[in-house]
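What follows is calculated from the coordinates using simple rules that are stated; it is not laboratory data. Model, not experiment: these values are computed from the prediction. Here Cβ is always computed from backbone atoms with ideal geometry, including for glycine, and neighbour counts include all displayed protein chains.
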Amino acid sequence: MSAFDPAAYGSVFAELLKTPRIMALDPGEEIGSAKADLEALDLDEAFAPNRISDRAMAEGCRSALWLYHDFLVTSHTISQQITTPTGSYWHGIMHRREPDYPNGKYWFGRVGDHDIYPELR
């Protein structure tokens, strides 16, 4: 696995991911300094010049960004509206961080065989 380079995903994502973090399996503390940027995030602008071809995957990225900054409630609100395996994946991670293992297990069970799994192994 190669090192993650936020700049490879454009300046909007690079700014939101500029502080490397090791995510603990607990709720963490909301990083208030990121809230305004997260609220202002326009996915079409963030992915430009590329066009979003999979809106659910893009919303999964939005959910992940909120989770990265420890806004579990907002991440949960976003992920539970994504009715794809990607939404279930982020929903499961959010519940695992609460920690609500049984609920996380339920959502990971709904993910199935997701394309991200080979990258994570």
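Side notes on the structure shown:
- Distance in nm between pseudo-label sites at Lys18 and Arg110 (7 Å out along the Cβ direction from Cα): 3.6 nm
- With eigenvalues of the C-alpha gyration tensor scaled by 5 and rooted, the range 48-97, Å: 19, 12, 7
- In the chain, the DSSP-assigned H stretches of four residues or longer account for a calculated mean residue ellipticity at 222 nm of -15000 deg cm²/dmol, using -39500 (n - 2.57) per stretch and the full residue count as denominator.
- With 10 Å bins beginning at zero, the pair-distance distribution over Cα atoms of the chain amounts to 13, 43, 38, 5, 0 %.
- Inverse of mean 1/r across different Cα pairs in the range 64-121, Kirkwood, Å: 11.2 Å
- The simple spin-label model puts a point 7 Å past each Cα toward its Cβ; for Asp100 and Ile52 those points are separated by 2.5 nm.
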